[in-house]
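Report on the following structure.
Only the coordinates and a few stated rules stand behind these numbers; no lab work does. Here the structure is a predicted model, which is why all the values come from computation and not from measurement. Glycine gets a Cβ as well: all are built from the backbone with ideal geometry, and neighbour counts include every protein chain shown.
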Amino acid sequence: MYNLVIFGPPGAGKGTQSEKIIEKYNLAHISTGDMFRMHISNDTDLGKKVKQILADGMLVPDSITIDMLEEEVKSKPDVKGFIFDGFPRTVPQAEALDKFLENKGLKINLVLQLDVNQEIIKERIAERQKVSGRADDDADKLVKRIDEYFSKTIHVLPYYQSQDKVTKVNGIGKIDDIFEQISSAIDNTI
Ligand code: ADP
């Protein structure tokens, strides 16, 4: 199994690049953001619990997120590997994921860091909101999400750097050019 984490701030292009990675490398995509939005639109118990948290641009508590993620991984035993998109977003999530995979004799093979500056993020999300209608794409909610990223999520990077797993890719430029850099990082670690 080959397991990849795609890492970066909101609006870095994780979803866009994930789609291309899935197509080329045939990995299963797990986006915790998409999963939460699915629960919310289906009005499940979990959806009810997290609806306001997402709308406010805050992180969902680790225990809820980790349980949901582990269930999803367990439900797909026959895949070639996973691409984790939007997870882990905190160091405890990263530690939980390592433990969980280790128990299965698996590991994270690569962490792809999509590097994008804050100006670009704000521009992209303002554009995206015109079509996405996502409540958390509002300017004030976006500030909160960027805050959460720099206070909690950024620390996931040194966690994986100490394991020598991070490859940084410039997330600004043409989608296909970025994907080419991503492909070579994957080819080097697969
Ligand atoms: P973005 O485009 O900001 O990267 P996502 O679609 O990945 O957004 O996530 C949207 C929201 O879902 C986050 O702002 C957060 O509320 C919640 N969420 C997603 N993944 C996680 C996670 N790993 N831990 C906590 N909350 C999460």
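Multiplying the sequence separation of LYS104 and SER151 by 0.36 nm and subtracting their Cα-Cα distance, what value in nm do you get? Let's see the in-between values first.
Details: separation 47, 0.36 × 47 = 16.92 nm, distance 3.10 nm.
Length gained between LYS104 and SER151: 13.8 nm.
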> With the contact rule set at Cα under 8 Å and sequence spacing of 6 or more, what percent relative contact order holds for the chain?
Replying inline: 33
> Over the Cα atoms of the chain, what Rg and Dmax result, in angstrom?
Replying inline: 15.9, 44
>> If you average the alpha carbon positions of segment 30-60 and of segment 118-190, how far apart do those two centres end up, in angstrom?
In response: 20
>> Tell me the Rg and the Dmax, in Å, that the Cα atoms of segment 102-190 produce.
In response: 15.7, 44
>> Let me understand segment 4-57 better: what is its radius of gyration from the alpha carbons, and its Dmax, in angstrom?
In response: 13.1, 36
> What nm value, rounded to one decimal, do you get for the distance between SER162 and VAL143 when each label is placed 7 Å out toward the C-beta?
Replying inline: 3.4
> On the first, second and third principal axes, largest extent first, how far apart are the outermost C-alpha atoms of segment 46-147 in Å?
Replying inline: 42, 32, 24
>> Given segment 111-163, report the % of alpha carbon pairs whose separation exceeds 18 Å.
In response: 41
